[in-house]
1. Of all residues in the stretch A:36-69, which are under 11 Å from the mean Cα position of the chain (by Cα) and of a type in the set (D, E, K, R)?
2. Considering the stretch A:176-190 alone, what residues qualify as being free of Cβ contacts under 8 Å to residues at least 12 places away in the same chain, more than 7 Å from every other protein chain (Cβ to nearest Cβ) and part of a helix (DSSP H, G or I)?
3. Can you tell which of A:Phe56, A:Phe95, A:Phe21, A:Phe74 is open to solvent by less than 60 Å² (accessible area, probe 1.4 Å) and outside the structural domain of A:Val195 (by TED's automatic domain parsing)?
4. The conditions are (1) closer than 21 Å to B:Ile166 by Cα; (2) away from DNA strand D (no atom under 11 Å from the Cβ), and B:Leu26 fails exactly one of them. Which is it?
5. Please verify whether A:Leu170 is more than 10 Å from chain B (Cβ to nearest Cβ), buried (at least 16 other Cβ atoms within 10 Å of the Cβ) and of a type outside the set (Asp, Glu), treating the condition exactly as stated.
6. Just checking, does the stretch A:145-152 include any residue being more than 7 Å from chain B (Cβ to nearest Cβ) and under 30 Å from B:Tyr67 (Cα atoms)?
7. Quick one: is A:Leu79 more than 9 Å from DNA strand D (Cβ to nearest atom), part of a loop (DSSP other than H, G, I, E, B), open to solvent by less than 60 Å² (accessible area, probe 1.4 Å) and away from chain B (no Cβ under 14 Å)?
8. Given the options B:Val89, B:Val85, name the one that is touching a Phe, Trp or Tyr at 6+ places or on another chain (Cβ under 9 Å) and either in the same structural domain as B:Asn156 (by TED's automatic domain parsing) or of a type in the set (Gly, Ala, Ser) (or both).
Protein chains: 2
Amino acid sequence: MKKLVETSTEEKIMEAAKEVFMKYGLYGARMQDIANTAGINKALLHYYFRNKEKLFDKVFEGALQKYFQQMDVFSDSSLPIKERVFKYVDNILLFLSEYPQMSIFIIKEFSINPELFREKVQAVKRDKAVRLIQALEEEMATGKIKKIDPVLFMINLHSLCSYPFIGEPLFKHALKAQGKDWNKDFSQEKLNLSVKKFVEFSLGK
Amino acid sequence: MKKLVETSTEEKIMEAAKEVFMKYGLYGARMQDIANTAGINKALLHYYFRNKEKLFDKVFEGALQKYFQQMDVFSDSSLPIKERVFKYVDNILLFLSEYPQMSIFIIKEFSINPELFREKVQAVKRDKAVRLIQALEEEMATGKIKKIDPVLFMINLHSLCSYPFIGEPLFKHALKAQGKDWNKDFSQEKLNLSVKKFVEFSLGK
DNA sequence: TTTATGTTTAACTATATGGTTAAACCATTA
DNA sequence: TAATGGTTTAACCATATAGTTAAACATAAA
């Protein structure tokens, strides 16, 4: 029973830390805020994770892991690249529904402190992200897909998937002010179809 | 001469504040950091702008103004909507080249403190953002463009324009790790063409 | 040169924040 | 029941940070 309670507290802290760090970043986040969110005493944070940086490290590491895990499908050479991209779209949209601020969190913290996290990002990301580019180049060479700029395609793909979740609060506000309803006008399914149409348009012969 | 020096200092502060607030947000930014960036004494910040919130307000207000100004073109009813969108793409990409973090700055601060900025955002944004949607609906009704989901189109458009600048640091890192060169693989011109191709594909009959 | 006025700074204050400590609080076991 | 050991808390401490103040500085006018 002891062990269970322990894990539960640690998990509560991690969940709260994730939430607060994602919202405010390493500099903007307050330990007291994290403690309040987790519903525990501030000293407990230091009991489980020595200090702010260590706690942030854990959160950031986990975020990287989960985020780039979504790109594993790019390496599945049993599928044609278009199918891999389709699968990726399914994965990432589902993932971002749960953590809408994940992309921007990773990008921001990495830009603020590149030297501190370069190795960590490197280690987790490895070549997962660029596998997509390599696969695109291969299928272009064999004439299976259209000749396109693979880097630009990768950027566009990430843009279409990530930004809707990042910008949701503002989009919501803009629509509401005009009597429209975000929840009626936007859905993960619509976005999914729309992105895949773009992929089809870009790659399909 | 006095007046000139004054303006120059105030401007130096505003520039520095913009930079630091965009990087760290209201909570994460430090007045000392802003003072250092501006190359002045911290007390001067309070001399020109009473406190942190007031300074932030000025910066945020200016950011809103400039950002939504780019969307004025959506209201130019002398042009067909596709032309308006093309012009918007030109505008916003140029603007984001200068302030790559502008979209995310506005979104983040607005989400963190919606009640504080709702009116300000409302006042500046007005219906600029949704004018695009209205215009799309009009031209769909008259059969000038394809029948599409206008809200989804708006989201995709913003995604394709904003995210490349937001994610640049990470993209850069990903490509460099694979021996590729961001500056060779990405350019504003390429992106411009690519976005317009998407617009053509989405609206064009 | 002197005075007046606006600008800039160093030194300071009060509070917020990250982090520590010692005591209290369980649950398990001897 | 008493002892043990991990968990949790209130009360601290040291430092960082937003904001203030009084004095120094500079410039223009008298």
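The values are calculated or read from the model by the stated rules, or taken from the named source; none is laboratory data. Worth saying up front: this structure is predicted, and the values here are computed from it rather than measured. So basically every Cβ, Gly included, is an ideal-geometry build from the backbone, and we count neighbours across all protein chains shown. The protein model used for the area step is the full one, side chains on, heavy atoms only, and it has no ligands, DNA or RNA in it. Shrake-Rupley method; radii C 1.70, N 1.55, O 1.52, S 1.80 Å.
1. If the condition is that a residue be under 11 Å from the mean Cα position of the chain (by Cα) and of a type in the set (D, E, K, R), then A:Lys66 is the only one that fits.
2. A:Lys176, A:Asn183, A:Lys184, A:Glu189
3. On the way: A:Phe56 fails: outside the structural domain of A:Val195 (by TED's automatic domain parsing); A:Phe95 fails: outside the structural domain of A:Val195 (by TED's automatic domain parsing); A:Phe74 fails: outside the structural domain of A:Val195 (by TED's automatic domain parsing).
None of the others qualify; the one that does is A:Phe21.
4. Among (1) closer than 21 Å to B:Ile166 by Cα; (2) away from DNA strand D (no atom under 11 Å from the Cβ), the lone unmet condition for B:Leu26 is (2).
5. Values: more than 10 Å from chain B (Cβ to nearest Cβ): no; buried (at least 16 other Cβ atoms within 10 Å of the Cβ): yes; of a type outside the set (Asp, Glu): yes.
Here the answer is no, as A:Leu170 does not meet what is asked.
6. Pass one, the stretch A:145-152, residues more than 7 Å from chain B (Cβ to nearest Cβ): A:145-148, A:150.
Add one more test, that the residue is under 30 Å from B:Tyr67 (Cα atoms), and what stays is A:150.
Yes - at least one qualifying residue is present in the stretch A:145-152.
7. Working: more than 9 Å from DNA strand D (Cβ to nearest atom): yes; part of a loop (DSSP other than H, G, I, E, B): yes; open to solvent by less than 60 Å² (accessible area, probe 1.4 Å): yes; away from chain B (no Cβ under 14 Å): yes.
Yes; evaluated as a whole, the condition is true for this residue.
8. Working: B:Val89 fails: touching a Phe, Trp or Tyr at 6+ places or on another chain (Cβ under 9 Å).
The conditions single out B:Val85.
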